[in-house]
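Q: Input: one structure, supplied below.
The values are calculated or read from the model by the stated rules, or taken from the named source; none is laboratory data. Keep in mind it's a predicted model, so treat the numbers as computed, not measured. All Cβ positions, glycine included, derive from the backbone under ideal geometry; neighbour counts span all protein chains shown.
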């Protein structure tokens with residue numbers, strides 16, 4: 001079922017969802033299941049599965065270093081299919097511009113269609129670790145809006161090299177990212193909202209926001225988005241702080257602001273166990289306010305760990 005249909009069927013009730021990352025290659029999927037199991041009590045209508053960029057590794061060949069491309073966390077579509085089958089829940093694979101040609105993207109989308117996956121999250125993706133700025137893959141898309149256009153065209157039966165006349169065309173529900181504090185590369189929030197509007201005009205059906213820790217930022221973002229004519233669901237993304245280094249890491253990586261009250265509370269913690277509890281309590285208060293405001297879904301960035309997300313959900317759902 002499409003995410004937008006789940007939201008419509010909820011009739012104003014706030015839904016619960018979460019996001020996971022595939023295990024590193026060579027690891028078993030059971031550890032992932034062990035972290036999903038406790039969260040199924042809260043009846044998530046969908047689960048997102050991230051896709052990782054390729055990266056370079058160096059292999060020692062008789063004293064000479066051989067530079068090779070690899071993916072440390074492969075298998076997003078396979079994991080989506082496995083979770084869908086095991087838990088009877090919709091899954092949302094993240095589809096990236098970076099690291100994929102248009103043809104590879106089409107193959108991935110065809111596989112999703114075969115597997116009965118109805119939703120995809122269309123993202124540009126980050127720069128590779130050794131790149132300062134994002135560089136599009138040769139033969140791939142430079143911007144998420146172009147990826148959205150490709151998915152929309154495939155929904156209409158228009159493939160890259162031919163048109164398929166069938167009653168069983170793909171009909172993907174397309175999610176895109178939104179940034180309450182603007183994308184780190186955007187010169188302003190207004191210009192970033194213009195890019196979001198372009199994705200909506202190209203066929204995006206819903207938005208999931210980057211993490212934020214001040215609900216005012218989300219409410220202002222939604223208000224400004226509506227002024228721009230963006231009238232699709234905007235789902236807030238929430239990540240509980242878990243370790244002290246998040247105070248430096250999250251603002252540096254995601255270019256977001258942390259409220260001073262949260263910073264002070266974390267600074268006062270003597271251990272990461274205490275920090276984790278602060279993160280849970282902060283996310284609970286965020287979630288309660290957002291739910292009271294009638295957000296369609298509360299979407300949690302679990303990063304494959306469930307104990308803190310479960311503690312939050314127990315207080316909210």
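Q: Looking only at segment 269-305, count every residue that is buried (at least 21 other Cβ atoms within 10 Å of the Cβ) and modelled with pLDDT under 95 and tell me the total.
A: The total comes to 1.
Q: On to the next question. Filter segment 167-197 down to residues that are surrounded by fewer than 17 Cβ atoms within 10 Å (Cβ to Cβ) and within 20 Å of residue 119 (Cα to Cα) and give me whichever is modelled with the highest pLDDT.
A: By that ranking, first place goes to 197.
Q: Mind checking which helices (runs of 4 or more DSSP H) fall wholly inside segment 120-227 and carry at least 1 residues that are out of contact with any helix residue (DSSP H, G or I) (no Cβ under 8 Å at 6 or more places or on another chain) and in contact (Cβ under 8 Å) with a residue 40 or more places away in the chain?
A: On the way: elements: 144-155, 189-202, 215-227.
Correct list: 144-155, 215-227.
Q: Can you find even one residue in segment 141-149 that is farther than 22 Å from residue 77 by Cβ and surrounded by fewer than 21 Cβ atoms within 10 Å (Cβ to Cβ)?
A: yes
Q: Please verify whether segment 55-75 includes one or more residues that are out of contact with any helix residue (DSSP H, G or I) (no Cβ under 7 Å at 6 or more places or on another chain), modelled with pLDDT of 95 or more and either within 27 Å of residue 27 (Cα to Cα) or exposed (fewer than 14 other Cβ atoms within 10 Å of the Cβ) (or both).
A: The answer is no, given that none of the residues of segment 55-75 is out of contact with any helix residue (DSSP H, G or I) (no Cβ under 7 Å at 6 or more places or on another chain), modelled with pLDDT of 95 or more and either within 27 Å of residue 27 (Cα to Cα) or exposed (fewer than 14 other Cβ atoms within 10 Å of the Cβ) (or both).
Q: Taking segment 96-119 on its own, how many of its residues are part of a strand (DSSP E or B) and within 11 Å of residue 80 (Cβ to Cβ)?
A: 1
Q: Filter segment 1-42 down to residues that are in contact (Cβ under 8 Å) with a residue 60 or more places away in the chain and in a loop (DSSP other than H, G, I, E, B) and give me whichever is farthest from residue 172 (Cα to Cα).
A: 23
Q: In segment 296-311, how many are in contact with a strand residue (DSSP E or B) (Cβ under 7 Å, 6 or more places away or on another chain) and not in a strand (DSSP E or B)?
A: Summing the residues that are in contact with a strand residue (DSSP E or B) (Cβ under 7 Å, 6 or more places away or on another chain) and not in a strand (DSSP E or B) in segment 296-311 gives 4.
Q: Can you go through 266, 243 and tell me which one is in contact with a helix residue (DSSP H, G or I) (Cβ under 7 Å, 6 or more places away or on another chain), part of a helix (DSSP H, G or I) and either at pLDDT 95 or above or farther than 22 Å from residue 121 by Cα (or both)?
A: The unique qualifying residue is 266.
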